[in-house]
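The structure under discussion appears below in the form of structure tokens.
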Amino acid sequence: MTDDEIDWPRYLADFHRDRAGVVEAVLSRSVGGDHTPYRWLARAVGGGARTVLDLACGSGPVSRELTGDGRTVIGLDLSSAELRLAAERGPGPWIRGDGLRLPFKDGSLDAVTSSIGLVVITPLTALMAEITRVLRPGGVLAAMAPALRPLSPSDLRILARINTRLRGKPQFPGPVELAGFTKTLQAYGMRRVEDQRERYRFTVTSRADAELVLSALYLPQTRWSRVEAAIELLQDRVARKGSVDITIPMRRVVAIK
Ligand SMILES: C[S@@+](CC[C@H](N)C(=O)[O-])C[C@H]1O[C@@H](n2cnc3c(N)ncnc32)[C@H](O)[C@@H]1O
């Protein structure tokens, strides 16, 4: 199967129905310094933002980080299974909807956040048109996506071994680590005010951890036997060394309309 032949809408719908909460289960245990990537993303939104949309909210981890006095945080996602979990965990409101057709008036939101949504919802240009439509002038977009760097030589070694077992790499429907995003922002009248990268570490200490981290990856072209092989690789290393750290680099971009 070539990349163009992947039926992404179906893959994503099945993945998030069958594995609701798995992305949060991994990233909420991934730490860099004193924080998770979710907290890092939420920190980009200033206290003055009163109405915030968390786009492609999944089970709601960023929405919950953003919730505070006098602020309304609306979580929107296409997956009802993810939204069910979100509703069990946080106040909402939670809306089932498509990021490409946002159910909000023009200029009605102070901020939009999205953890991994901008590399999942395609085409990115149509998504940006919707985001800039609903943001008020001066409103903020804070988006985060998995990145290719920073990685140390030892991070690269373990990731290369995992990819060898998988005979492939995790994929996203959208541009890898938001490549070309600065130009897209400019085209939609947004000014980039920040572009940073951070490394987060998920520590595997058991087979269950290995299964969790591998099952949170989008691998639309990979047979389960290959995933099993990667789980066994991590399990072997845990048996020999006690733990294995998987590094997850993230890119965070903040822009103002
Ligand atoms: C990688 S997950 C990220 C979830 C959450 N933001 C997090 O970081 O834990 C991507 C999310 O995008 C949602 N999604 C996919 N296509 C969408 C669309 N067209 N509109 C809204 N959400 C969508 C999926 O259901 C899924 O919950």
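Miscellaneous remarks
- Matching residues in the stretch 216-247 - criterion: being hydroxyl-bearing (Ser, Thr, Tyr), surrounded by fewer than 17 Cβ atoms within 10 Å (Cβ to Cβ) and outside any loop (DSSP other than H, G, I, E, B): Ser225
- Listed by first and then second residue, the pairs with beta-carbon distance under 9 Å, at least 6 apart or on different chains, first residue in the stretch 101-130 and at positive phi, second assigned to a loop (DSSP other than H, G, I, E, B) and of a type in the set (Phe, Trp, Tyr), are Ile116/Phe172.
- Residues in the stretch 157-169 that are modelled with pLDDT of 95 or more and under 18 Å from Leu217 (Cα atoms): 9 in all.
- Restricting the stretch 60-78 to residues that are in contact with a Ser or Thr (Cβ under 9 Å, 6 or more places away or on another chain) and among the polar types (S, T, N, Q), the residue that is farthest from the ligand (Cβ to nearest atom): Thr72
- Of the residues making up the stretch 114-140, those that are more than 12 Å from the ligand (Cβ to nearest atom) and either within 16 Å of Pro173 (Cβ to Cβ) or touching a helix residue (DSSP H, G or I) at 6+ places or on another chain (Cβ under 7 Å) (or both) are Thr125, Met128.
- Total residues in the stretch 80-113, condition small (Gly, Ala, Ser), within 8 Å of the ligand (Cβ to nearest atom) and surrounded by fewer than 21 Cβ atoms within 10 Å (Cβ to Cβ): 1
- Test result for Ala56, within 9 Å of the ligand (Cβ to nearest atom), of a type in the set (A, V, I, L, M) and over 25 Å from Met190 (Cβ atoms): no
- For the stretch 93-114, the tally of residues that are more than 19 Å from the chain's Cα centre (by Cα) and of a type outside the set (A, V, I, L, M, F, W, C) stands at 8.
- Output for the stretch 5-53, where each listed residue is near the ligand (Cβ under 9 Å from one of its atoms) and free of Cβ contacts under 8 Å to residues at least 24 places away in the same chain: Pro9
- Only one of Met250, Met190 that is crowded, with 19+ Cβ neighbours inside 10 Å, farther than 21 Å from Arg39 by Cβ and not hydroxyl-bearing (Ser, Thr, Tyr): Met190
- Only residues that are part of a loop (DSSP other than H, G, I, E, B) and more than 18 Å from Arg223 (Cα to Cα) were counted in the stretch 170-182, giving 5.
- Looking only at the stretch 139-171, and only at residues there that are basic (Lys, Arg) and touching a residue at least 12 places away in the same chain (Cβ under 8 Å), the one that is surrounded by the most Cβ atoms within 10 Å (Cβ to Cβ): Arg165
- Flag for Arg96 being within 23 Å of Ile256 (Cβ to Cβ) and of a type in the set (Lys, Arg): no
- Of the residues making up the stretch 173-194, not a single one is free of Cβ contacts under 8 Å to residues at least 12 places away in the same chain, under 20 Å from Val23 (Cα atoms) and not charged (D, E, K, R).
The values are calculated or read from the model by the stated rules, or taken from the named source; none is laboratory data. Note that the structure is predicted; figures quoted are calculated from it, not measured. Quick reminder, even Gly has a Cβ in these numbers, built from the backbone with ideal geometry, and neighbours come from all protein chains shown.
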